[in-house]
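Here the structure is laid out as structure tokens; the discussion comes afterwards.
Values in this text are rule-based calculations from the coordinates and carry no lab data. Worth saying up front: this structure is predicted, and the values here are computed from it rather than measured. No Cβ is skipped: glycine too gets one built from the backbone with ideal geometry, and neighbour counts run over all protein chains shown.
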Amino acid sequence: MRESDEWVVRVFVDHGASPVWYGGPRDYDEMHVSPDLERDLQVFDDWYYDAEDPLEQYAVRSNVRHDFEREGERLAQALAKELGAPFSVTVIHPGDRSGSRTYRSPVAATNPRAHAAFIAIHDEDLRT
């Protein structure tokens, strides 16, 4: 994990077992996010495959792009709240024109178990 990426969790689709990356792809069973957030992340990841644009690699169709991006942002905000400081969560939207947004919770973690899991991932990555 690079120093500049030290506390940045990423949400993006089509690259792992879940759309959540922190030092690499993360499986749901190791993240300990809330059941509702886990379900919503899974639905979001599945939605990507239904919404893929056949004419543009790694992009969603223009007719669903706005809704898809807003859902990604909602999920990034929810994950940021569950993880709390010092984590920030960046959602990377598929497609060249879409960009990314970063969210950070102004309060302590709302999910201490997920917070502890990501601290453990962070610490393990520093050891390797």
Discussion item. With a 10 Å cut-off between alpha carbons and a GNM built on the chain, which of Leu37, Leu75, Leu55 moves the most?
Written reply: Leu55
Worksheet, complete the sentence: Answer in debye to the nearest 20: the dipole magnitude of the chain about its Cα centre, from +1 Lys/Arg and -1 Asp/Glu charges placed on Cβ, is 480 debye
Fill in: Under-5 Å amide H pairs with Ala59, H placed in peptide plane, nonlocal only
Asp53
Worksheet entry | DSSP beta bridges in the chain [antiparallel fraction, %, rounded to 5] | 70 percent
Item to complete: Express in nm, to one decimal, how much length is gained between Val107 and Gln57 on full extension, taking 0.36 nm for each residue of separation and deducting their alpha carbon distance.
Response: 14.2 nm
Item to complete: For Asp27 paired with Tyr49, estimate the spin-label separation in nm (one decimal), with each label point 7 Å from Cα along the Cα-to-Cβ line.
Response: 1.8 nm
Response to the item:
Going residue by residue through segment 72-79, the Karplus relation 6.51 cos²θ - 1.76 cosθ + 1.60 with θ = phi - 60° gives ³J(HN,Hα) values, rounded to whole Hz and with x marking Gly or Pro, of x, 5, 4, 5, 4, 5, 5, 5
Worksheet item: Is it possible to state the helix-based mean residue ellipticity at 222 nm for the chain, with each DSSP H run of 4+ residues giving -39500 (n - 2.57), the sum divided by total residues, to the nearest 500 deg cm²/dmol? What is it?
Response: -15000 deg cm²/dmol
Discussion item. Show me, for segment 8-17, the HN-Hα J-couplings you get by feeding each phi into the Karplus relation (A = 6.51, B = -1.76, C = 1.60, θ = phi - 60°), rounded to Hz, glycine and proline as x.
Written reply: 9, 9, 10, 10, 7, 9, 6, 9, x, 5
Fill in: Per-residue HN-Hα couplings for segment 106-112 [Karplus 6.51, -1.76, 1.60; θ = phi - 60°; Hz; x = Gly/Pro]
x, 10, 4, 4, 8, 10, x
